[in-house]
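Written below as structure tokens is the structure these notes are about.
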């Protein structure tokens, strides 16, 4: 035996050991079984505003259970010195702070509990702690491997590290005496290495395994310098409210088209806004597209073209330039699949009401997810919206109503007969997004800042609704070029003085052009990061103001998971403009 104490958990064959083994196996089964659905549950809790509280309660409960099991396994009276327990708690809190997202912090306490159960399950054996640690490390790696196989999850090597460290805590503490100091030491070492290793290694590891360019390709770095907004700019010192609606097609938003349901807030915003002929997204999925907006760079330059990547922290991005000119920024930082650190946004998201309460000008961003699959409207909801459409029993339709991804390869053949049903389900999501948009605009109106705020509405990408026999966005482009319904998105810009209300400009913008076109209107100058103007956003503020401008812009697109796709000139004639 290795110093863990005889305790009530005794030799192999004892009833206590048998119970511990059953508990350990049950805990592993539950951990594995929930790996694939945890993301969806976390997103739902986040939308309700309960995620942080639920995770905190879960962590406290697991730590309490683990401490109880540790004390029980140490003979009823803990042989772990009190300073060790304090140091362990401090080091654990330090390590937990390294995660931005609430649900990511579950790994450490969850595997500490599994470590306690494994320590009791191995019984009174030589090398008991080492055996318990080895078992839990294998369980943790297996957990991440299973998540890597799940269509909606990915293998995350940092989560695997957290699993291993958490699993080692209780067996190391159970050594007692001076040897127990190895537990807080392991936590402190991991905390010290976590962020440097994450940036050094994580940048080159994509969750999808698809890499077409280096994760952080070279850019021209410029120093962050304060500047005074040009008072001659038409909207010098004004606020900006950027609203992005995930997976919103252009043809469901006026003046580009109309949804088959009532969308009063979208209609009203369109009537008060300037629209351009076409707004182009560079990608068919969220992360590359949103990072292109905030960096003013094409994915070929910023490199965020796979899961688990983030923009390099060195260059000065447009929002950082805006902060240097006196603006505050507020917005959505990231979830379990997207990350927008280093782009000039705060590390935490508060309430929009609070963001609009300060005195300084503000750039606020809110991302609405109501349109994103799954399209789970009930028949009663469709009827309420005036959509009298049957929902046939078809595998691909069932998948779209219950999952984020609808992989085309899993549903071969043509599904045109389901178009009315899938379009009705999508329209119901658009109606929900319209209501959410209204709530955001109501907050702006209540703040009293609407008269000094430029409101911008766009989408990260569009959505395919069986035009090419696929449903969705990222999962539909494996065997095709990006279709218009995937990369053409709406753009509405409402100026507070009513300039150009209801006008549609005869020219195009790209995501990369959005901030380079808005900042000059605010009187702020941002130096481009790329040496190639075709890969960096251009100042097209003249187009928004109705002044003469070249109507054409170069367009390149990146798909997922098949990598780079053809530019429009090389695409099928069906979607050349």
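The values are calculated or read from the model by the stated rules, or taken from the named source; none is laboratory data. Keep in mind the model is a prediction, meaning the values are calculated, not measured. So basically every Cβ, Gly included, is an ideal-geometry build from the backbone, and we count neighbours across all protein chains shown.
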| field | The listed residue being in a helix (DSSP H, G or I), crowded, with 19+ Cβ neighbours inside 10 Å and at pLDDT below 85, out of 197, 193, 175, 169 | value | 169
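Is it the case that residue 455 is within 23 Å of residue 257 (Cα to Cα) and part of a strand (DSSP E or B)?
Values: within 23 Å of residue 257 (Cα to Cα): yes; part of a strand (DSSP E or B): yes.
In short, yes.
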| Just checking, which of 186, 138 is within 30 Å of residue 17 (Cα to Cα), surrounded by fewer than 16 Cβ atoms within 10 Å (Cβ to Cβ) and at pLDDT 85 or above? | 138
| query | Just wondering, is there one or more residues in region 521-528 that are touching a helix residue (DSSP H, G or I) at 6+ places or on another chain (Cβ under 7 Å), crowded, with 17+ Cβ neighbours inside 10 Å, modelled with pLDDT of 95 or more and over 22 Å from residue 286 (Cβ atoms)? | reply | yes
| task | Any chance you could count how many residues in region 458-492 are surrounded by fewer than 24 Cβ atoms within 10 Å (Cβ to Cβ) and at pLDDT 95 or above? | result | 2
| query | When you go through 334, 324 one by one, which is the residue that is modelled with pLDDT of 85 or more and in the same structural domain as residue 488 (by TED's automatic domain parsing)? | reply | 324
| request: Specify the residue that is farthest from residue 487 (Cα to Cα); the eligible residues are those in region 544-556 that are in contact with a strand residue (DSSP E or B) (Cβ under 7 Å, 6 or more places away or on another chain) and surrounded by fewer than 24 Cβ atoms within 10 Å (Cβ to Cβ). | output: 546
| query | Is it fair to say residue 438 is surrounded by fewer than 18 Cβ atoms within 10 Å (Cβ to Cβ), touching a helix residue (DSSP H, G or I) at 6+ places or on another chain (Cβ under 9 Å), at positive phi and at pLDDT 95 or above? | reply | no
| query | Looking only at region 408-435, which residues are in contact (Cβ under 8 Å) with a residue 24 or more places away in the chain, surrounded by fewer than 19 Cβ atoms within 10 Å (Cβ to Cβ) and under 27 Å from the mean Cα position of the chain (by Cα)? | reply | 409, 423, 432, 435
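Listed here are the residues, each with its yes/no results for (1) in the same structural domain as residue 188 (by TED's automatic domain parsing); (2) in a helix (DSSP H, G or I); (3) surrounded by fewer than 21 Cβ atoms within 10 Å (Cβ to Cβ); (4) at pLDDT 80 or above.
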| residue | (1), (2), (3), (4) |
| --- | --- |
| 92 | yes, yes, no, yes |
| 124 | yes, no, yes, no |
| 145 | yes, yes, yes, no |
| 148 | yes, yes, yes, no |
| 161 | yes, yes, yes, yes |
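Show me the helices (runs of 4 or more DSSP H) found entirely inside region 288-404 where at least 2 residues are buried (at least 22 other Cβ atoms within 10 Å of the Cβ) and touching a helix residue (DSSP H, G or I) at 6+ places or on another chain (Cβ under 7 Å). Before the answer, list the steps.
Numbers: elements: 299-302, 318-324, 352-355, 379-384, 395-402.
Where helices (runs of 4 or more DSSP H) fall fully within region 288-404 and carry at least 2 residues being buried (at least 22 other Cβ atoms within 10 Å of the Cβ) and touching a helix residue (DSSP H, G or I) at 6+ places or on another chain (Cβ under 7 Å), they are 299-302, 318-324.
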| query | Given the structure, is residue 544 more than 28 Å from the chain's Cα centre (by Cα), modelled with pLDDT of 95 or more and within 25 Å of residue 247 (Cβ to Cβ)? | reply | yes
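Regarding residue 275, is this residue over 26 Å from the mean Cα position of the chain (by Cα) and free of Cβ contacts under 8 Å to residues at least 40 places away in the same chain? I'd like the intermediate steps shown before the answer.
Details: over 26 Å from the mean Cα position of the chain (by Cα): yes; free of Cβ contacts under 8 Å to residues at least 40 places away in the same chain: no.
Answer is no for this residue.
Mind listing whichever residues of region 440-451 are in a helix (DSSP H, G or I) and over 15 Å from residue 244 (Cβ atoms)? Before the answer, list the steps.
First pass over region 440-451, keeping only residues in a helix (DSSP H, G or I): 440-447, 450-451.
Across region 440-451, the qualifying residues are 442, 443, 444, 445, 446, 447, 450, 451.
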| Of the residues that sit in region 458-470 and are assigned to a loop (DSSP other than H, G, I, E, B) and touching a strand residue (DSSP E or B) at 6+ places or on another chain (Cβ under 7 Å), which one is farthest from residue 362 (Cα to Cα)? | 470
